[in-house]
Every structure is written in C-alpha cells, then in structure tokens.
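Novice: Handing you this structure, nothing more for now.
Throughout, read-outs are computed from the coordinates displayed, never taken from laboratory work. Everything numeric here is computed off the predicted structure, so don't read it as measured data. For neighbour counting, all protein chains shown are included, and Cβ atoms are generated from backbone atoms with ideal geometry for every residue, glycine included.
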Amino acid sequence: MWVGATLVQRRGSVGELSQASTTVSKSNLSDQVADQLVRMIIESGLQPGHAIPTEAELTERFGVSRLIVREGIRILTAREILVSSQGRAATVRLPGSKVISQVLEFRLAFEDVTLNELLRVRESLEVDAVFQAAIRQDLEALAEAELALSTMSRHKKDVDTFISSDLEFHQALARASGNRVSELMLDSIQDLLLELRRESYRGRKASPGGLGLVLSAHQRILDAVVAGDAGGAAAEMRNHLHDTLSDLSKSAAKPALPGQRLSEAKR
C-alpha cells in the first residue's frame with residue numbers, strides 16, 4: 001500500500017482542479033487522475049509488479065468519484081503502465097514498444113510522412129547501435145545476431161522466416177548497443193517497416209546477386225562489430241540501409257506505410 005504524503009502537484013490536485021471549474025468534463029478529470037497516478041508511481045518509487053493504492057484510497061486522496069478513478073486506471077492500463085484485474089488493486093507494469101508503435105502509426109495516418117523519412121530514422125538508430133555494439137562487445141547479444149543470420153541463410157526461399165530472422169538480427173544488434181532507448185525506439189517502428197522489408201526482399205530477389213548480397217551485407221556488419229571496428233560497422237550498416245532503399249525503388253509494387261493506407265482509405 002502506498003503510504004506517502006497526500007499528493008500535491010504544482011498545478012494542484014485533481015480535487016482542486018474540479019472545484020475550480022464546474023464545467024470540467026468527466027474525461028478531463030479522468031486524464032488528470034491518470035497524470036496524477038503516473039507522478040505518484042514515479043515519486044513513490046513503485047516498481048513493476050507493485051500495487052498502487054485501492055480505488056477507495058485514490059477516491060479519497062484525489063477528491064473525485066470512484067468512477068473517475070476507475071477511468072483513470074483504465075487509461076493507464078491502455079497505455080500499458082498498469083495491469084488491472086477484477087477485485088484487486090492495479091499493479092505497475094513496464095510499457096513495451098507497442099504503445100509507441102500505435103502512436104506512430106496513427107500519426108502517420110494524418111501527416112505527410114515519406115518512406116525516406118522513416119528510413120532515415122531507422123538509419124540514425126541502427127548506425128549508432130552497431131557503432132556502440134562494436135565498442136561494448138556484448139557476447140550474448142552478438143551470438144543471437146549470428147544465430148539469426150544463420151537462420152536467414154538457411155531459409156532464403158521462405159519469405160516469412162527470412163524476414164523474421166532479419167528482424168531478430170537487427171534487434172540483437174540494438175540490444176548489443178546497450179542503449180535501451182534506442183532499442184525501444186527501433187522496436188517500435190518494426191511493425192511499420194514489416195511491409196517495407198517484404199518489398200525489399202522481393203526487389204533484392206529479382207536483382208542480380210539476389211539474396212546472397214543481402215546476407216553478405218549482414219555478415220560484413222556483424223564481422224565489423226565482432227572485430228571491434230566501430231567505424232567500419234557504422235559504414236557497413238549505412239551502406240546496407242541505402243541498398244534497402246534502392247531495392248524498394250526497384251520493386252514493381254510501391255509499399256504504402258500503414259498510416260498512409262489508412263489515410264488513403266479515408267479519401
């Protein structure tokens with residue numbers, strides 16, 4: 001049970017906000033409760049798996065109805081910050097990349113975001129990741145990258161296995177970087193890049209050298225990282241991603257980003 005002092009925020013408690021204006025909507029109060037809860041979790045040092053105060057305690061503390069508190073908890077459950085279960089206090093959880101991915105996809109639906117822009121974000125993340133991975137030498141993560149590359153090599157004709165192993169290769173290198181923010185951000189855009197990877201696979205398969213060139217590029221990246229050649233690893237990753245863009249330009253079907261498909265459907 002949380003036994004800290006009554007939560008007082010710079011902008012006032014939820015109860016104070018509700019008293020200041022009789023026109024505040026229920027949804028606004030629920031959002032304010034959610035914001036207060038996040039601050040409470042952080043300031044109280046609650047860890048994943050720890051229970052937050054009960055609905056009754058939060059109702060008294062925030063000066064709002066139990067319905068508002070329940071809605072605030074539901075908001076944080078949707079954001080993967082809390083895990084809620086019937087008859088028990090909600091517990092803290094560590095959000096994954098899915099929430100960020102959903103936000104990005106929704107934003108893509110309403111903004112002019114190009115393929116080149118998305119790939120530039122990927123490039124900035126992955127080039128730095130292999131640079132840091134070459135310095136850190138995380139042997140476990142590098143072994144996972146090597147295993148993924150071996151699986152790609154054995155399943156060149158199986159598009160799903162090849163692509164999933166490709167994802168595992170890049171994710172392992174991101175883990176090897178030791179930068180958890182970089183790993184989280186890269187993981188969050190993987191769903192958006194999935195169709196692009198399929199088109200890259202088709203484009204490369206139809207080009208001279210085929211998928212052998214893709215495997216060779218991955219091997220050069222891994223070799224440079226294992227050798228501790230940070231600059232070489234960064235250069236190899238940058239070249240590989242530029243080749244990916246070239247593959248996409250050669251593909252007969254131009255892939256639409258998930259958000260772009262939604263945007264086009266609304267027209």
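Novice: Under 5 Å between amide H atoms, partner at least 5 residues away or on a different chain: which partners does residue 79 have, H built in plane at 1.01 Å?
Specialist: none
Novice: Rank these for me by crowding, 94, 241, going from fewest to most other beta carbons within 10 Å.
Specialist: Details: 94 9, 241 18.
Least crowded to most crowded, the residues run 94, 241.
Novice: Here is a further query. What full-extension length gain, to one decimal in nm, is calculated for residue 121 and residue 194 as 0.36 nm per residue of separation minus the Cα-Cα distance? Write out the running numbers ahead of the final one.
Specialist: On the way: separation 73, 0.36 × 73 = 26.28 nm, distance 1.50 nm.
Separation in residues times 0.36 nm, less the Cα-Cα distance, equals 24.8 nm.
Novice: Each residue of the range 60-67 in order: what ³J(HN,Hα) in whole Hz does its phi give by Karplus 6.51 cos²θ - 1.76 cosθ + 1.60, θ = phi - 60°, with x for Gly and Pro?
Specialist: My calculation for the range 60-67 gives 5, 5, 8, x, 10, 6, 5, 4 Hz in order.
Novice: With no solvent and one point per C-alpha, what does the Debye sum give as log10 I(q)/I(0) for the range 99-266 at q = 0.10, 0.12 Å⁻¹?
Specialist: -0.36, -0.52
Novice: OK, next. Which residue, chosen from 246, 104, 177, occupies the Cα position most advanced towards the positive end of the dipole of the range 99-266, where the dipole is computed from +1 (Lys, Arg) and -1 (Asp, Glu) charges on Cβ about the Cα centre?
Specialist: The residue sitting most towards the positive pole is 246.
Novice: For the range 205-245, build the convex hull from the C-alpha positions and give me its volume per residue in Å³.
Specialist: Here the figure is 49 Å³ per residue.
Novice: Based only on other Cβ atoms within 10 Å, what is the fewest-to-most ordering of 169, 62? Kindly include the intermediate steps, with their values, before the conclusion.
Specialist: Values: 169 22, 62 25.
Arranged by neighbour count, lowest to highest, 169, 62 become 169, 62.
Novice: Any chance you could get the radius of gyration and Dmax over the Cα atoms of the range 115-208, in Å?
Specialist: 13.4, 37
Novice: Next up: Can you compute the FRET efficiency between residue 99 and residue 239 using 1/(1 + (r/R0)^6), with r the Cβ-Cβ distance and R0 = 35 Å? Round to the nearest 0.05.
Specialist: Working: r = 33 Å, r/R0 = 0.93.
It comes out at approximately 0.60.
Novice: Suppose R0 equals 41 Å. What FRET efficiency, 1/(1 + (r/R0)^6) with r the Cβ-Cβ distance, do residue 219 and residue 31 give to the nearest 0.05? Could you put the intermediate results ahead of the total?
Specialist: Working: r = 50 Å, r/R0 = 1.21.
Taking R0 as 41 Å, the efficiency between residue 219 and residue 31 is 0.25.
Novice: Starting from the 7 Å offset along Cα-to-Cβ, what nm value, one decimal, do you get for the label separation of residue 157 and residue 91?
Specialist: 4.7 nm
Novice: Taking neighbour Cβ counts within 10 Å as the exposure measure, how do 40, 237, 152 sort from fewest upward?
Specialist: Working: 40 19, 237 26, 152 23.
Ascending number of Cβ neighbours within 10 Å: 40, 152, 237.
Novice: Dividing the convex hull volume of the Cα atoms of the range 48-87 by its residue count, what figure in Å³ per residue is obtained?
Specialist: Details: hull volume 2.9 nm³, N = 40.
Taking the convex hull of the Cα positions in the range 48-87, it is 72 Å³ per residue.
Novice: For the range 99-266, give the magnitude of the charge dipole about the Cα centre (Cβ charges: +1 Lys/Arg, -1 Asp/Glu; no others), in debye to the nearest 20.
Specialist: Charge dipole, the range 99-266, about its Cα centre: 540 debye, nearest 20.
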